[in-house]
1. Among the listed residues Ser94, Ser40, identify the single one that is over 16 Å from the mean Cα position of the chain (by Cα) and of a type in the set (S, T, N, Q).
2. Report, by residue number, each residue of the stretch 7-31 that is of a type in the set (D, E, K, R) and either within 17 Å of Leu97 (Cβ to Cβ) or not in a helix (DSSP H, G or I) (or both).
3. Please work out if Lys34 is part of a helix (DSSP H, G or I) and loosely packed, with under 15 Cβ neighbours inside 10 Å.
4. Looking at the stretch 71-100, which of the residues that are of a type in the set (A, V, I, L, M, F, W, C) and closer than 19 Å to Leu27 by Cα is surrounded by the fewest Cβ atoms within 10 Å (Cβ to Cβ)?
5. Any residue in the stretch 41-58 that is touching a residue at least 12 places away in the same chain (Cβ under 8 Å) sitting within a Cβ distance under 6 Å of a residue that is surrounded by fewer than 16 Cβ atoms within 10 Å (Cβ to Cβ) and of a type in the set (Val, Ile, Thr)? List the pairs, counting only those 6 or more apart or interchain.
6. When you scan the stretch 1-16, how many residues do you find that are among the small types (Gly, Ala, Ser) and out of contact with any Leu (no Cβ under 7 Å at 6 or more places or on another chain)?
7. Give just the number: which of (1) farther than 16 Å from Tyr92 by Cα; (2) touching a helix residue (DSSP H, G or I) at 6+ places or on another chain (Cβ under 7 Å) does Phe8 not satisfy?
Amino acid sequence: MGRLTDFFDAVERCLAANKDPLTTPSLAKGQLKKVIQAHSNSGMRENLKQLAKRVEKHFIDEPKLRPIVWQAITNDVLSNYQRFVTLLARSYKSTNLSLEFTQSELKGWLSER
């Protein structure tokens, strides 16, 4: 999810500078398409499974902290998803591109751990 976050952080910086992301080569439609394709449903699900495993590994001696950490991660992932969707609607509406996964799918994957 890091590449997706980096991309939309750059979109926000572009918008803050009153520039159109579609006219910025690194944020153009083709680049957005590549980033979206790199974050498919199966890819995102697998990334979240790996993240859950890392949390389990690093907090093995702190079982009371694991749910707190996982809840913070869940909130962050869902917040970022909403930010991505908002930026897509604001800056890339004409491209008809969208993320390949929904918020409800993310919630489901995050609760699978």
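What follows is calculated from the coordinates using simple rules that are stated; it is not laboratory data. Owing to the predicted nature of the structure, the values given are computational and were not obtained by experimental measurement. Cβ: placed from backbone, ideal geometry, glycine included. Neighbour counts: every protein chain shown.
1. Exactly one residue qualifies, and that residue is Ser94.
2. Hits for the stretch 7-31 are Lys19, Asp20, Lys29.
3. It is true that Lys34 is part of a helix (DSSP H, G or I) and loosely packed, with under 15 Cβ neighbours inside 10 Å.
4. Of the residues in the stretch 71-100, the ones of a type in the set (A, V, I, L, M, F, W, C) are 72-73, 77-78, 84-85, 87-89, 97, 99.
With the extra rule that they be closer than 19 Å to Leu27 by Cα, the set shrinks to 84-85, 87-89, 97, 99.
Working: Phe84: 21, Val85: 15, Leu87: 18, Leu88: 18, Ala89: 10, Leu97: 15, Leu99: 19.
Only one residue tops the list, namely Ala89.
5. Going by the 6 Å Cβ cut-off, the qualifying pairs are Val55/Val69.
6. Our first condition is that a residue be among the small types (Gly, Ala, Ser); within the stretch 1-16, this holds for 2, 10, 16.
If we keep only those that are out of contact with any Leu (no Cβ under 7 Å at 6 or more places or on another chain) too, we end up with 2, 16.
Here the count works out to 2.
7. (1)
Residues checked against (1) loosely packed, with under 12 Cβ neighbours inside 10 Å; (2) in contact with a Pro (Cβ under 8 Å, 6 or more places away or on another chain):
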position: Arg3; (1), (2): yes, no
position: Val11; (1), (2): no, yes
position: Asn18; (1), (2): yes, no
position: Leu27; (1), (2): no, yes
position: Gly43; (1), (2): no, no
position: Glu46; (1), (2): no, no
position: Gln50; (1), (2): yes, no
